[in-house]
Amino acid sequence: MIEVLVRGGTVVTADSMELSDVLIREGKIVELGLELETDGLIIDASDHWVMPGGIDTHTHLDHPIERLGVRTADDFYVGTIAGACGGVTTIIDFSLQAQGESLIKARDRRLAEIEPDSVIDYSFHTIVTDVNPESIKEIESLVEAGFPSFKIYMTYGDKKVGDGDLLTLLEEVATSGGLAYLHCENDCAITHLIERHLTRGETGPQFHASSRPVAVEAEATNRAIMLAELAGAPICIAHVTSEAVARHVEEARRRGQPVVGETCPQYLVLNDSVYDPTVGFEMAKFVCSPPIRGIDQVEALWSTVEDGVLQQVSSDHAPFRYEGQKTGGRGDFTRIPNGLPGIETRLPLMFTYGVKAGRISPSRFVELTSTNPARIFGMYPNKGTLDIGTDADIVIVDPEKETELDPACLHSAVDYTPYQGLIVSGFPTVTLSRGEVIVEDGEPIVTRGRGKVVERQRIDPNSLP
Ligand code: DUC
Ligand code: ZN
Ligand code: ZN
């Protein structure tokens with residue numbers, strides 16, 4: 001493979017920001033420094049920022065919702081192209097255990113779906129839905145095979161794991177060297193609040209949000225943290241939306257418990273005015289779980305991101321089309337598929353509303369979107385930084401170039417963007433994956449199926465960020 005030299009850019013990592021060239025050979029970084037030379041390909045990065053590729057550890061590509069008979073609109077080809085165009089070079093998606101299914105079979109089934117299609121590197125969290133002696137035994141083999149993270153839903157119909165099973169699972173995850181990744185919402189409270197709305201004939205999408213208030217999320221988060229303490233398990237709290245939830249994470253960390261927290265751009269950029277009843281049914285575009293919170297929560301959430309209370313920002317990309325998928329929930333908000341598209345807009349939104357707005361430094365941006373995700377999920381330092389010997393997964397960004405968000409300029413198969421009309425910067429002009437240019441001038445140049453499964457290590461609770 002020819003050498004590639006990224007020349008003249010400002011290299012931004014979680015620790016530093018300095019002018020440097022980056023020399024790449026055989027997909028790895030071999031030298032960093034000034035005035036490097038090559039006979040190979042030279043990419044001029046002057047006046048650009050050169051950063052580790054984004055790592056999105058929370059995507060739902062080609063993800064089924066059996067109850068509603070729908071799948072997310074992006075398959076692994078379209079979805080990873082969208083990711084690459086948004087500066088993502090690694091995803092961790094999910095393999096979903098069917099009731100009665102072996103966890104390893106579920107993982108293999110998923111690998112067969114992604115291998116022919118993904119254009120970037122990938123791995124999976126195993127969603128454990130059926131806790132039984134066989135599946136518990138498989139946890140250790142999955143950790144050893146490089147799949148050390150396990151997603152657990154505390155709500156969501158037959159995906160839900162009750163407290164007793166959760167504790168069993170957390171104990172096994174702890175002894176096997178894994179990490180539990182939890183969706184925390186109180187299932188009983190949600191069921192109660194939904195029933196009350198429906199009995200009153202309150203069926204519009206805004207009642208999705210009012211059936212899942214902050215207390216529902218905060219209670220389940222606290223319970224998850226307490227059960228993890230009992231089990232001695234490291235955990236990551238998925239999609240934290242509000243200050244009350246973040247404070248549970250903060251308190252646990254202060255006690256020395258291995259707990260990390262994630263949030264997503266939708267909770268930092270949008271607010272609950274999207275559920276204003278005057279919007280009409282189109283507000284279904286913003287139906288996600290947990291829902292978008294009020295403006296006071298949004299501001300408070302930003303400070304938890306700035307202060308280091310939360311450690312990573314992922315997209316929770318769950319792309320359902322408005323026409324034909326979201327609209328299936330007209331007349332019954334419980335039938336609106338939950339989720340927002342976001343794999344391609346995560347980095348630009350964090351760049352614009354975080355870095356450009358002066359809320360976070362360029363290094364903190366890299367830490368939240370690449371370095372910490374790699375650390376939390378067992379990929380660091382091969383992924384998540386730019387150093388000699390690491391994979392040359394790189395995004396090159398012109399910090400001054402602005403784009404107006406519209407589905408026409410995005411690559412997902414969804415028919416809308418929740419961020420319609422926002423002007424953002426931070427889209428990559430070039431994305432490199434293991435030294436190969438996969439996006440040039442903002443457009444994909446990819447070979448289907450070129451992505452590789454990422455070898456992930458056991459999780460050391462003491463090395464969590
Ligand atoms: N919530 C999730 O937890 N996952 C997918 C989408 C959503 O809204
Ligand atoms: Zn979730
Ligand atoms: Zn999710």
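Can you find even one residue in the stretch 60-74 that is charged (D, E, K, R), within 16 Å of TYR153 (Cβ to Cβ) and within 16 Å of ligand 1 (Cβ to nearest atom)? Quick ask: steps written out before the conclusion?
Our first condition is that a residue be charged (D, E, K, R); within the stretch 60-74, this holds for 62, 66-67, 71, 74.
Filter once more, keeping what is within 16 Å of TYR153 (Cβ to Cβ): 66-67.
With the extra rule that they be within 16 Å of ligand 1 (Cβ to nearest atom), the set shrinks to 66-67.
The answer is yes; a qualifying residue exists.
What are the pairs, 6+ residues apart or on separate chains, where a residue within the stretch 1-23 that is within 8 Å of VAL50 (Cβ to Cβ) and touching a residue at least 24 places away in the same chain (Cβ under 8 Å) has its Cβ under 6 Å from a residue that is of a type outside the set (A, V, I, L, M) and buried (at least 18 other Cβ atoms within 10 Å of the Cβ)?
Here the result reads GLY9/HIS48; THR10/TRP49; VAL11/SER20; VAL12/TRP49; VAL12/PRO362, each pair linking the stretch 1-23 to a residue that is of a type outside the set (A, V, I, L, M) and buried (at least 18 other Cβ atoms within 10 Å of the Cβ).
Yes or no: VAL424 more than 20 Å from the chain's Cα centre (by Cα), closer than 21 Å to SER315 by Cβ and of a type outside the set (Asp, Glu)? I'd like the intermediate steps shown before the answer.
Working: more than 20 Å from the chain's Cα centre (by Cα): no; closer than 21 Å to SER315 by Cβ: yes; of a type outside the set (Asp, Glu): yes.
No; evaluated as a whole, the condition is false for this residue.
Does at least one position in the stretch 74-96 carry a residue that is touching a helix residue (DSSP H, G or I) at 6+ places or on another chain (Cβ under 9 Å), more than 30 Å from LEU19 (Cα to Cα) and at pLDDT below 95?
So far as the stretch 74-96 goes, no, none of its residues is touching a helix residue (DSSP H, G or I) at 6+ places or on another chain (Cβ under 9 Å), more than 30 Å from LEU19 (Cα to Cα) and at pLDDT below 95.
Go through the residues of the stretch 191-211 one by one and say whether even a single one is touching a strand residue (DSSP E or B) at 6+ places or on another chain (Cβ under 9 Å) and either more than 30 Å from VAL269 (Cβ to Cβ) or modelled with pLDDT of 95 or more (or both). Steps first, please.
The initial filter retains those residues of the stretch 191-211 that are touching a strand residue (DSSP E or B) at 6+ places or on another chain (Cβ under 9 Å), namely none.
No, every residue in the stretch 191-211 fails to be touching a strand residue (DSSP E or B) at 6+ places or on another chain (Cβ under 9 Å) and either more than 30 Å from VAL269 (Cβ to Cβ) or modelled with pLDDT of 95 or more (or both).
Give just the number: which of (1) farther than 18 Å from ALA218 by Cα; (2) touching a residue at least 24 places away in the same chain (Cβ under 8 Å); (3) not polar (S, T, N, Q) does GLY164 not satisfy?
With (1) farther than 18 Å from ALA218 by Cα; (2) touching a residue at least 24 places away in the same chain (Cβ under 8 Å); (3) not polar (S, T, N, Q) applied to GLY164, the lone miss is (2).
Just one of THR369, THR345 is of a type outside the set (Asp, Glu), in contact (Cβ under 8 Å) with a residue 40 or more places away in the chain, away from ligand 2 (no atom under 16 Å from the Cβ) and more than 20 Å from SER16 (Cβ to Cβ); which is it?
Working: THR369 fails: more than 20 Å from SER16 (Cβ to Cβ).
Result: THR345 is the single residue among THR369, THR345 that is of a type outside the set (Asp, Glu), in contact (Cβ under 8 Å) with a residue 40 or more places away in the chain, away from ligand 2 (no atom under 16 Å from the Cβ) and more than 20 Å from SER16 (Cβ to Cβ).
Looking at (1) buried (at least 24 other Cβ atoms within 10 Å of the Cβ); (2) modelled with pLDDT under 95, which is the only condition GLU66 fails?
Tallying (1) buried (at least 24 other Cβ atoms within 10 Å of the Cβ); (2) modelled with pLDDT under 95, GLU66 fails exactly one: (1).
Condition first: away from ligand 3 (no atom under 16 Å from the Cβ) and small (Gly, Ala, Ser). Now tell me which residues in the stretch 119-166 satisfy that.
Across the stretch 119-166, the qualifying residues are SER135, SER141, ALA145, GLY146, GLY162, GLY164.
Restricting attention to the stretch 346-383, which residues are buried (at least 24 other Cβ atoms within 10 Å of the Cβ), small (Gly, Ala, Ser) and in a helix (DSSP H, G or I)?
Correct list: GLY354, SER370, ALA374.
How many residues does the stretch 412-445 contain that are touching a residue at least 24 places away in the same chain (Cβ under 8 Å), more than 21 Å from ILE29 (Cα to Cα), in contact with a strand residue (DSSP E or B) (Cβ under 7 Å, 6 or more places away or on another chain) and in a loop (DSSP other than H, G, I, E, B)?
Count: 4.
Inspect all residues belonging to the stretch 283-305 and state whether any of them is at pLDDT 95 or above, of a type in the set (Phe, Trp, Tyr) and closer than 24 Å to ILE237 by Cα.
yes
Filter the stretch 106-164 for residues that are within 20 Å of GLY79 (Cβ to Cβ) and hydroxyl-bearing (Ser, Thr, Tyr) and give the result.
If the condition is that a residue be within 20 Å of GLY79 (Cβ to Cβ) and hydroxyl-bearing (Ser, Thr, Tyr), then SER118, TYR122, SER123, THR126, SER149 are the ones that fit.
If I ask for residues that are part of a helix (DSSP H, G or I) and either within 16 Å of ligand 2 (Cβ to nearest atom) or among the charged types (D, E, K, R) (or both), which ones from the stretch 170-186 would you list?
Here is the first cut: in the stretch 170-186, the residues part of a helix (DSSP H, G or I) are 170-176.
Hits for the stretch 170-186 are GLU171, GLU172.
I'm trying to understand the selection: among the residues of the stretch 47-77, which are assigned to a loop (DSSP other than H, G, I, E, B) and either free of Cβ contacts under 8 Å to residues at least 24 places away in the same chain or among the hydroxyl-bearing types (Ser, Thr, Tyr) (or both)? Can you show your working first?
If we filter the stretch 47-77 for residues that are assigned to a loop (DSSP other than H, G, I, E, B), which is where we start, we get 47-48, 53, 57-58, 60-63, 69, 72-75.
THR57, GLY69, THR72 - these are the residues of the stretch 47-77 that are assigned to a loop (DSSP other than H, G, I, E, B) and either free of Cβ contacts under 8 Å to residues at least 24 places away in the same chain or among the hydroxyl-bearing types (Ser, Thr, Tyr) (or both).
Would you confirm, using the coordinates I've provided, whether GLU262 is of a type outside the set (Phe, Trp, Tyr), touching a residue at least 24 places away in the same chain (Cβ under 8 Å), closer than 26 Å to THR345 by Cα and out of contact with any Cys (no Cβ under 8 Å at 6 or more places or on another chain)? Give the steps one after another, and end with the answer.
On the way: of a type outside the set (Phe, Trp, Tyr): yes; touching a residue at least 24 places away in the same chain (Cβ under 8 Å): yes; closer than 26 Å to THR345 by Cα: yes; out of contact with any Cys (no Cβ under 8 Å at 6 or more places or on another chain): no.
Spelling it out, it is not the case that GLU262 is of a type outside the set (Phe, Trp, Tyr), touching a residue at least 24 places away in the same chain (Cβ under 8 Å), closer than 26 Å to THR345 by Cα and out of contact with any Cys (no Cβ under 8 Å at 6 or more places or on another chain).
Kindly indicate which of LYS151, LYS160 is surrounded by fewer than 23 Cβ atoms within 10 Å (Cβ to Cβ), within 20 Å of THR241 (Cβ to Cβ) and within 21 Å of the chain's Cα centre (by Cα). Show your work before the answer.
Numbers: LYS151 fails: surrounded by fewer than 23 Cβ atoms within 10 Å (Cβ to Cβ).
The conditions single out LYS160.
Name the residue that is nearest to ligand 2 (Cβ to nearest atom), counting only residues in the stretch 205-247 that are surrounded by fewer than 20 Cβ atoms within 10 Å (Cβ to Cβ) and assigned to a loop (DSSP other than H, G, I, E, B).
PRO213
The values are calculated or read from the model by the stated rules, or taken from the named source; none is laboratory data. Everything quoted here is computed from the prediction, not taken from an experiment. Heads up, the Cβs are rebuilt from the backbone with ideal geometry, glycines too, and the neighbour counts pull from every protein chain shown.
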